[in-house]
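Colleague: Encoded as structure tokens, here's the structure I'll be asking about.
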Amino acid sequence: MQRNWIGRSEGTEVDFLLDDGETVIKCFTTRPDTLYGVTFFSLAPEHPIIPDLVRGAEREREVLSFVERHKRVGGLKSAADAEKEGVFTGRYVVNPVNGERVPLWVANYALMQYGTGGVMAVPAHDQRDFLFARKYGLPVKVVIRPPDSNLDPSEMEEAYEEPGVQVNSGPFDGMPSEEAKKAITEMLEKRGKGRAVVRYRLRDWLISRQRYWGAPIPIVFCERCGEVPVPEEDLPVRLPELEEFKPARGTSPLASVPDFVETVCPACGAPAKRETDTIAQWLCSCWYFLRFTSPFEKDRPFDPEAEKYWMPVDQYIGGAEHAVLHLLYSRFIMKVLYDLGYVSHPEPFKALFTQGTIIKDGAKMSKSLGNVVSPDDIIERFGADTLRLYTLFIGPPERAAEWTDESVQGCHKFLRRVWEIFSACEKAAASAEPWSGPADELNPAERKLRRSLHQTIRRVREDIAGHFHFNTAIAALMEFYHVLKATASESRPSVLREAFADLALMLAPMAPHIAEEIWERLGNPDSVFRHPFPDWDEEAAAEELIEVPVQVNGRLRGKIKVAPGAPREELERAALQQPNVARWIEGKKVQRIVAIPERLVNIVVR
């Protein structure tokens, strides 16, 4: 049972020549700066070259015995934790940077899954190599020293793995090790002995973990016919009902169920055995979006025309783990289907948004830590709308956020207050049509209410669209509530109708139940979700007057009120006439005026 892992490494592929003068063993390293410190070379026990290396040699039996004992499907962590063991093959390889012959070993901590399965060993600068070298009496050669001291290999108690200064490195002595990585790689490339590469590593996710509840693989093994697919009419292969389904090490739980395993060959009728491995239960989640394009198909997974119309998905949202697991494998499946001609797009999703985690009591919510908040409890106390609203209000969605029970109550109070003010205005608002008259017919309270409404619509749309900043959108709705409360008693029914209708439409994605109730009580015949999100009126949203600070020689001396978008000439004129500003420039020569519309006026005097 291995965990999934995926990685990307930038490094150098180095060619080590075997002592036969012909065979090249490749090695991938992220530390080319340590190449001059190689004192032995390690091969993974699974490396395919090993049998040929030792065939007919004195050490053949010893090496092959070691290989058989240590072959495994291991991971980076298990290799790091294991007792370091190895066997000398009796062969040597030549270091391409200095021509030194170094012994070739097979070591249990070298992995076929990482790089090429061949590892250049630098005991002075890699802790695993250091432990191995000390155990088997192999040399330790320092080629990087700390910036402020020297290292004596005989006195080292552990490897020095940090950056430093090159020593014992030929023409690269004295060079910072980070610079030496590139310089040594360039030298190898000129000599034709290596090259800069980027390597990706990926474990087989679909079957790396065996679980009883995974999807059975529809294959039967027959001694006569080999691997035989289960006929289509016998699909799906159904899991047996089990009371105990703990897997044995390295095997599927299904392997211990004779009634499941023992079957007959679909081709010849002879006794056969079922495949007992299962595919990860996530498999269907990697193509479910295709099923959503036509969910009622009975004879095929999806309608190609529907797929062509709906795909690719506009927005993918998930946690960080999705970006390297679910998203990755969804792309694999989509690309295979595209190559086979079953779908019209090679990519399943247009955009990715990675959400943050929610933290409580200083840690990520986890059952083991006992800090999980039950949605049922919140819903029972405050309602589903409060839970939804607070989850969106807790913070920017791309960052981790701290859950606090007090803030949940704050969102509940906000919704309750919205309902209270609506209830007070419901009769008047429901009896009117939304305001559509000219602005000059509105009283000051109504102008303020409409201005706040359309500014809020603009903020909410901009915060949600593309950014998913529901937290700031909700904050804007809370600010609007205060304006609504202050102006409701002085506003006519048609203005209130517009305000409450648009408020319901803005609340609907975040608090759907109260939004639907307000919308229905306003007398609308269909659902709030059958109406588009409101758009703002620029004229209604414009501030009547805005304050612009005025500075004299960089110091604030007053403020002026002007219309939004007032030109520079108007700003300069108003600034010079401001009483306090006039006092500070009296008797002085104005050298220049810097006016930034809607932001600042600075008068420079002497």
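The values are calculated or read from the model by the stated rules, or taken from the named source; none is laboratory data. All values derive from a computational prediction rather than experimental measurement. Here Cβ is always computed from backbone atoms with ideal geometry, including for glycine, and neighbour counts include all displayed protein chains. Calculation scope for accessible area: heavy atoms of the full protein, side chains included, ligands and nucleic acids excluded. Shrake-Rupley method; radii C 1.70, N 1.55, O 1.52, S 1.80 Å.
Colleague: Using the heavy atoms of the protein chains and a 1.4 angstrom probe, tell me the accessible area per residue for segment 559-606 in square angstrom.
Modeller: Ligands and nucleic acids excluded, the result is 68 Å² per residue.
Colleague: Something else about it: Report for the chain the percent antiparallel among DSSP-assigned beta bridges with both residues inside it, nearest 5.
Modeller: If I count the DSSP bridges inside the chain, around 85 percent turn out antiparallel.
Colleague: Hey, got a sec? Which GluC sites (Glu not before Pro) in segment 97-178 land in a DSSP loop and have at most 12 other Cβ atoms within 10 Å?
Modeller: For GluC sites (Glu not before Pro) across segment 97-178 that sit outside H, G, I, E and B with at most 12 neighbouring Cβ atoms in 10 Å, the list reads Glu157, Glu158.
Colleague: Which of Ala110, Trp435, Thr354 sits farthest toward the positive end of the charge dipole of the chain, with +1 on the Cβ of Lys and Arg and -1 on the Cβ of Asp and Glu?
Modeller: Among Ala110, Trp435, Thr354, the one farthest towards the positive end of the dipole of the chain is Trp435.
Colleague: When only alpha-carbon atoms are used, what values of Rg and Dmax, in angstrom, describe segment 123-236?
Modeller: Calculated on Cα positions, Rg and Dmax stand at 25.5, 74 Å.
Colleague: Amide H of Ile358: which non-local residues (sequence gap of 5 or more, or other chain) have their own amide H closer than 5 Å, using H built in the peptide plane?
Modeller: For Ile358, whose amide H was placed from the backbone, the distant partners under 5 Å are Met365, Ala401.
Colleague: Using the crude model of +1 on Lys and Arg Cβ and -1 on Asp and Glu Cβ, and no other charge, please compute the dipole size for segment 405-456 relative to its Cα centre, in debye to 20.
Modeller: With Lys and Arg at +1 and Asp and Glu at -1, about 100 debye.
Colleague: Quick one, which of (i) -0.72; (ii) -0.91; (iii) -1.03 is the actual log10 I(q)/I(0) by the Debye sum over Cα atoms at q = 0.09 Å⁻¹ calculated for this model?
Modeller: Read-out from the structure maps to (iii).
Colleague: At a Förster radius of 45 Å, what calculated FRET efficiency corresponds to the Cβ-Cβ distance of Arg300 and Ala428, to the nearest 0.05?
Modeller: Values: r = 56 Å, r/R0 = 1.24.
So, using R0 = 45 Å, E works out to roughly 0.20.
Colleague: Oh, and also: Among the listed pairs Lys190/Lys335; Lys364/Lys413; Lys273/Lys367; Lys413/Lys448, which have their C-alpha atoms separated by more than 30 angstrom in this model? Display every interim value, and only then the final one.
Modeller: On the way: Lys190/Lys335 38 Å; Lys364/Lys413 27 Å; Lys273/Lys367 40 Å; Lys413/Lys448 24 Å.
Violating the 30 Å Cα-Cα cut-off are Lys190/Lys335; Lys273/Lys367.
Colleague: Also, I was wondering about something else. What are the equivalent ellipsoid semi-axes of segment 462-568, built from the alpha-carbon gyration tensor (square roots of five times its eigenvalues), in whole angstrom, biggest first?
Modeller: Working: eigenvalues 244, 61, 32 Å².
In descending order, the three semi-axes are 35, 17, 13 Å.
Colleague: Continuing with this model, one more query. Of Lys26/Lys181; Lys308/Lys350; Lys427/Lys485; Lys485/Lys559; Lys485/Lys561; Lys26/Lys182, which ones are farther than 21 Å apart at the Cα?
Modeller: Lys485/Lys559; Lys485/Lys561
Colleague: Mind putting together the pair-distance distribution for segment 527-601? All Cα pairs, 5 Å bins, whole percent per bin, short to long.
Modeller: Percent of Cα pairs in each bin: 3, 15, 23, 18, 11, 7, 5, 5, 4, 4, 3, 2, 1, 0.
Colleague: Please report the carbon-and-sulfur percent of the accessible area for the chain; probe 1.4 Å, protein heavy atoms only, DNA, RNA and ligands left out.
Modeller: After summing per-atom areas, the C and S share lands at 51 percent.
Colleague: Run the numbers for Glu83 and Lys413: contour at 0.36 nm per residue of separation, minus the present Cα-Cα distance, in nm. Intermediate values should be presented prior to the final figure.
Modeller: Numbers: separation 330, 0.36 × 330 = 118.80 nm, distance 6.05 nm.
Residue separation times 0.36 nm, minus the Cα-Cα distance, leaves 112.8 nm.
Colleague: Hey, another quick one. I need the calculated FRET efficiency for the pair Ser344 and Asp52, taking r as the beta carbon distance and R₀ as 41 Å, to the nearest 0.05. Don't jump to the answer; show the numbers that get you there.
Modeller: Details: r = 48 Å, r/R0 = 1.17.
Calculated transfer efficiency: 0.30.
Colleague: Put a dot 7 Å past each Cα toward the Cβ at Leu600 and Glu547; how far apart are the dots in nm?
Modeller: With each label point 7 Å from Cα toward Cβ, the separation is 1.7 nm.
Colleague: Please give the calculated 222 nm ellipticity per residue for the chain, where each DSSP H segment of at least 4 residues contributes -39500 (n - 2.57) and the sum is spread over every residue; nearest 500 deg cm²/dmol?
Modeller: Numbers: 20 runs with 211 residues, N = 606.
Per the formula, -10500 deg cm²/dmol.
Colleague: For the charge dipole of segment 466-606, defined by +1 on Lys and Arg C-beta atoms and -1 on Asp and Glu C-beta atoms about the Cα centroid, which residue among Pro534, Ala574, Val590 has the Cα displaced farthest towards the positive pole?
Modeller: Of the candidates, Val590 comes out farthest on the positive side.
Colleague: Something else now. Calculate how large, on average over all directions, the projected area of the Cα convex hull of segment 395-515 is; give the answer in nm² to one decimal.
Modeller: Value for segment 395-515: 7.9 nm².
Colleague: How much length, in nm to one decimal, is gained on full extension between Glu570 and Ala475, taken as 0.36 nm per residue of separation minus their Cα-Cα distance? Numbers along the way, then the final one.
Modeller: Values: separation 95, 0.36 × 95 = 34.20 nm, distance 3.44 nm.
Computed gain between Glu570 and Ala475 is 30.8 nm.
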